[in-house]
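Novice: A single structure is presented below for examination.
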Amino acid sequence: FSMNFFIQFLTYFRILAAPIIFLLVTLYSNYGWALILFLFASASDYWDGYLARKYKLESIFGAVLDPIADKILLTFIILALSLELSSPLVAFIGGVILVREFWVGGLRDLNARKGNDTATKVSRLAKIKTFVQFSALLSFLLGLYLNNALIIFLSNFLLFLALIITLKTGLSYTIATFKITDEN
């Protein structure tokens with residue numbers, strides 16, 4: 001057992017937890033276990049990066065896989081909540097958030113091919129974005145678990161805040177990419 005293995009496990013944990021959370025919410029209405037699993041999966045996003053930096057175990061593979069794991073988790077939870085809440089609002093905002101995530105993934109690929117990695121280097125605001133996204137989704141799960149309409153209603157505002165930050169970071173990455181790309 002090594003620290004490197006543990007860090008990789010944390011990243012893979014998000015990928016494996018995502019479909020399980022989806023099934024817990026949509027098929028079994030087991031919001032408690034879904035909430036706990038999503039809480040651990042969300043926390044693993046912080047810990048894998050923190051530990052990799054602390055122990056100087058950062059890798060290209062980890063840098064590529066980490067945001068993919070986040071996107072997989074985000075996709076499954078947005079789909080689950082959209083279905084479970086029968087909410088066009090959650091589905092639409094979630095869809096816009098996912099489109100931004102795929103767009104930025106494309107920008108990262110473009111920048112990697114052109115040697116412009118700094119244009120889409122993860123910013124502090126992007127880390128806040130992920131935190132707010134996961135907090136909004138956790139809030140929805142908590143509302144479902146407690147069967148509390150007020151928490152679910154307030155979660156919509158948190159999701160909207162996540163949308164604003166998501167669009168802001170996506171726009172910043174887009175401008176940085178094409179500014180650098182045009183100069184080359």
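The rows are residues; the columns are (1) part of a helix (DSSP H, G or I); (2) modelled with pLDDT under 95; (3) within 25 Å of Leu39 (Cβ to Cβ); (4) open to solvent by 60 Å² or more (accessible area, probe 1.4 Å).
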| residue | (1), (2), (3), (4) |
| --- | --- |
| Glu84 | yes, no, yes, no |
| Ala91 | yes, no, yes, no |
| Gly94 | yes, no, yes, no |
| Phe134 | yes, no, yes, no |
| Leu171 | yes, no, no, yes |
| Asp182 | yes, yes, no, yes |
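Novice: With respect to Gly143, determine if the residue is open to solvent by less than 60 Å² (accessible area, probe 1.4 Å), part of a helix (DSSP H, G or I) and in contact with a Pro (Cβ under 8 Å, 6 or more places away or on another chain).
Specialist: Numbers: open to solvent by less than 60 Å² (accessible area, probe 1.4 Å): yes; part of a helix (DSSP H, G or I): yes; in contact with a Pro (Cβ under 8 Å, 6 or more places away or on another chain): no.
So Gly143 fails the test.
Novice: Tell me which residues, restricted to the range 40-68, are under 9 Å from the mean Cα position of the chain (by Cα), farther than 13 Å from Ile7 by Cα and not polar (S, T, N, Q). Quick ask: steps written out before the conclusion?
Specialist: Narrowing the range 40-68 to residues under 9 Å from the mean Cα position of the chain (by Cα): 42, 45, 67-68.
Among the residues that remain, those that are also farther than 13 Å from Ile7 by Cα are: 42, 67-68.
Selection gives Pro67, Ile68.
Novice: Would you mind telling me which numbered condition in (1) modelled with pLDDT of 95 or more; (2) open to solvent by less than 30 Å² (accessible area, probe 1.4 Å); (3) within 19 Å of the chain's Cα centre (by Cα) Ala126 fails?
Specialist: Tallying (1) modelled with pLDDT of 95 or more; (2) open to solvent by less than 30 Å² (accessible area, probe 1.4 Å); (3) within 19 Å of the chain's Cα centre (by Cα), Ala126 fails exactly one: (1).
Novice: Within the range 150-165, is even one residue of a type in the set (Ser, Thr, Tyr) and under 18 Å from Glu84 (Cβ atoms)?
Specialist: Restricting attention to the range 150-165, the residues satisfying the condition of being of a type in the set (Ser, Thr, Tyr) are 155.
After this cut, where a residue has to be under 18 Å from Glu84 (Cβ atoms) as well, the list is 155.
Within the range 150-165, one or more residues are of a type in the set (Ser, Thr, Tyr) and under 18 Å from Glu84 (Cβ atoms).
Novice: Determine whether Leu73 is open to solvent by less than 30 Å² (accessible area, probe 1.4 Å), closer than 19 Å to Lys168 by Cα and either of a type in the set (Asp, Glu) or in a helix (DSSP H, G or I) (or both).
Specialist: Values: open to solvent by less than 30 Å² (accessible area, probe 1.4 Å): yes; closer than 19 Å to Lys168 by Cα: no; either of a type in the set (Asp, Glu) or in a helix (DSSP H, G or I) (or both): yes.
It is false that Leu73 is open to solvent by less than 30 Å² (accessible area, probe 1.4 Å), closer than 19 Å to Lys168 by Cα and either of a type in the set (Asp, Glu) or in a helix (DSSP H, G or I) (or both).
Table: residues versus (1) touching a helix residue (DSSP H, G or I) at 6+ places or on another chain (Cβ under 6 Å); (2) closer than 27 Å to Ala63 by Cβ.
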| site | (1), (2) |
| --- | --- |
| Val99 | no, yes |
| Arg113 | no, yes |
| Leu150 | no, no |
| Phe157 | no, no |
| Ala162 | yes, yes |
| Ile165 | yes, yes |
| Lys168 | no, yes |
| Ile175 | no, yes |
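Novice: Report every pair of residues separated by at least 6 positions or lying on different chains whose Cβ atoms are under 6 Å apart, first residue within the range 6-19 and farther than 22 Å from Leu141 by Cβ and open to solvent by 70 Å² or more (accessible area, probe 1.4 Å), second not aliphatic (A, V, I, L, M) and not in a helix (DSSP H, G or I).
Specialist: Within 6 Å, no pair qualifies.
The values are calculated or read from the model by the stated rules, or taken from the named source; none is laboratory data. What you see is a predicted model, and the numbers here were worked out from it, not measured in a lab. Cβ atoms come from the backbone with ideal geometry, glycine included; neighbour counts cover every protein chain shown. The protein model used for the area step is the full one, side chains on, heavy atoms only, and it has no ligands, DNA or RNA in it. Shrake-Rupley method; radii C 1.70, N 1.55, O 1.52, S 1.80 Å.
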